[in-house]
1. Do the sum for the chain: with -39,500 (n - 2.57) for every DSSP H run of n ≥ 4, divided by all residues, what is the mean residue ellipticity at 222 nm, to the nearest 500 deg cm²/dmol?
2. With a ≥ b ≥ c taken as the square roots of the eigenvalues of the C-alpha gyration tensor of the stretch 29-149, please select rounded if a/c is under 1.5 and otherwise prolate if a/b is larger than b/c or oblate if it is not?
3. Return one whole number: the accessible area per residue of the chain in Å², for a 1.4 Å probe.
4. Separation between the residue 167 and residue 235 pseudo-spin-labels, each 7 Å from Cα along Cα→Cβ, expressed in nm?
5. Please compute the modelled spin-label separation between residue 61 and residue 102, points set 7 Å along Cα→Cβ, answer in nm with one decimal.
6. For residue 234, what residues show an amide H to amide H distance below 5 Å, using hydrogens built from the backbone and excluding near sequence neighbours?
7. Could you tell me the calculated FRET efficiency between residue 82 and residue 31, based on Cβ-Cβ distance and R0 = 51 angstrom, to the nearest 0.05?
8. Just need the relative contact order of the stretch 1-131 here, percent rounded to a whole number, with Cα pairs under 8 Å and 6+ apart.
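The values are calculated or read from the model by the stated rules, or taken from the named source; none is laboratory data. Everything numeric here is computed off the predicted structure, so don't read it as measured data. Glycine also receives a Cβ, built like all others from the backbone with ideal geometry; neighbour counts cover every protein chain displayed. SASA here: full protein model, heavy atoms, side chains in, ligands and nucleic acids out. Shrake-Rupley method; radii C 1.70, N 1.55, O 1.52, S 1.80 Å.
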Amino acid sequence: MDPRPDGDDHLSERLALLPGRLERIGERMAAAAERAGRGVSEVQLLPVSKTVPMPLLERARELGVSEFGESRVQELLVKAAQVEEAAPRWVMIGPLQTNKARDLARVAHEIQTVDSAKVAQALQRRLEQADRRMTALLQVNTSGEEAKSGCAASEVEALLEATAACDRLEVRGLMTIATRGGDEAETRRCFAALREVRDRLSATSGVALPELSMGMSGDLELAIEEGATVIRVGSALFGARPPLV
Ligand SMILES: *Cc1c(COP(=O)(O)O)cnc(C)c1O
């Protein structure tokens with residue numbers, strides 16, 4: 001499958017808007033960090049490039065972007081194959097089916113959606129075969145929505161133990177997606193829940209889990225206030241995506 005088509009003919013406009021949008025996100029991040037009494041350098045922007053055509057990724061690279069988040073293995077592979085020199089870091093942020101672990105293990109540098117021992121073990125095996133390593137975040141379902149991937153907060157400890165045996169995955173922290181369409185209080189509750197799970201887990205396991213990936217275009221300020229170290233931003237940077245089909 002090719003990356004989904006742009007769905008519009010506004011590529012030149014999106015290219016022209018990119019520098020200003022990147023700058024604006026930096027300002028939003030700085031303002032939120034300041035409100036929270038944090039340094040803006042504690043928070044990293046992960047640009048999410050799903051559905052975004054290659055010229056925009058190339059422009060982002062020229063503007064200093066060094067990694068991209070993608071939610072589908074196939075799209076990530078197609079794009080990675082088109083960047084030959086000075087490859088960016090490719091970060092998987094969508095659910096992984098184990099039959100795609102082999103493809104992902106060859107190309108991606110990080111996965112933020114490890115939510116079962118099965119996924120971790122499939123990646124471990126394929127990373128061994130490819131003689132590669134990846135950084136990883138464990139995805140936690142803090143919204144309680146059934147359709148969401150991510151393990152339950154009560155299962156994270158067992159998942160962390162299972163991944164400890166997977167030495168090709170370096171677990172750096174946790175990731176969550178807030179309740180879809182939730183109001184500010186609900187969104188904040190999801191982000192605070194992830195931080196609390198992390199605090200509890202690193203206290204009991206003794207494993208440092210420095211990274212908290214949470215917050216997107218619409219709620220990155222709340223995420224930073226609640227302790228995010230990585231925000232995943234797509235539409236505020238690259239423009240609106242075509243509706244999912
Ligand atoms: C698409 C996506 C994002 C980015 O969403 P925007 O609202 O466009 O910023 C962040 N995280 C995940 C897991 C996504 O799939």
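1. Values: 9 runs with 106 residues, N = 245.
Value at 222 nm, helices only, nearest 500: -13500 deg cm²/dmol.
2. On the way: a/c = 1.83, a/b = 1.16, b/c = 1.58.
Cα axes put the stretch 29-149 in the oblate bin.
3. Details: 11550 Å² over 245 residues.
Per-residue accessible area for the chain comes out at 47 Å².
4. Rounded to a tenth, the inter-label distance reads 4.5 nm.
5. 2.8
6. Sorted by chain and number, the residues that satisfy this are 48, 217.
7. Details: r = 35 Å, r/R0 = 0.69.
Efficiency, from the Cβ-Cβ distance: 0.90.
8. Details: 140 pairs, mean separation 26.1, N = 131.
Result for the stretch 1-131 is 20 percent.
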